[in-house]
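Structure record follows, encoded as structure tokens.
The values are calculated or read from the model by the stated rules, or taken from the named source; none is laboratory data. If you're wondering where the values come from, they're calculated on a predicted model, not measured in any experiment. Note: ideal-geometry Cβ built from the backbone for every residue, glycine included; neighbour counts use all protein chains shown. The accessibility values were calculated without ligands, DNA or RNA, using every heavy atom of the protein model including side chains. Shrake-Rupley method; radii C 1.70, N 1.55, O 1.52, S 1.80 Å.
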Amino acid sequence: MLRTGKEHLESLRDGRVVYIGGEKVDDVTTHPAFRNAAATVAAIYDMKADPASRDTMSYQEDGGRHSIYFLRPRSRDDLQRRMLGHRRIADCSSGKVVRGQ
């Protein structure tokens, strides 16, 4: 099932322990070293949840909506849909996100 960007950011505030350069990071969503990456991934989640891009960024299967990243191409059309979704993710992240959410 798809999540929103807000839900994704909340999921990162789960008590995980992260250090950078010996400094303990209390919240990766607000720390300067991680906040931009977290915001980019949240934007991708929001794009998938947005009705305007739903067909490009997700697919329906077994009664649920899932990220286009997980679509198993069974036809040329499926492969084309998946490629378009990956292209949108690359455009949104300046090519820095290599695995869809």
| Condition check for Met57: closer than 17 Å to Ser93 by Cβ and either in contact with a strand residue (DSSP E or B) (Cβ under 8 Å, 6 or more places away or on another chain) or open to solvent by 90 Å² or more (accessible area, probe 1.4 Å) (or both) | yes
| query | From His31, His66, His86, which residue is open to solvent by 50 Å² or more (accessible area, probe 1.4 Å), out of contact with any Pro (no Cβ under 6 Å at 6 or more places or on another chain) and not in a helix (DSSP H, G or I)? | reply | His66
| Mind checking whether some residue in region 78-100 is within 16 Å of Thr4 (Cα to Cα) and among the charged types (D, E, K, R)? | no
| request: Pairs only if they're at least six apart or on different chains, beta carbon under 8 angstrom, first in region 1-19 and modelled with pLDDT of 95 or more, second of a type in the set (A, V, I, L, M) and loosely packed, with under 12 Cβ neighbours inside 10 Å; list them, first residue then second. | output: none
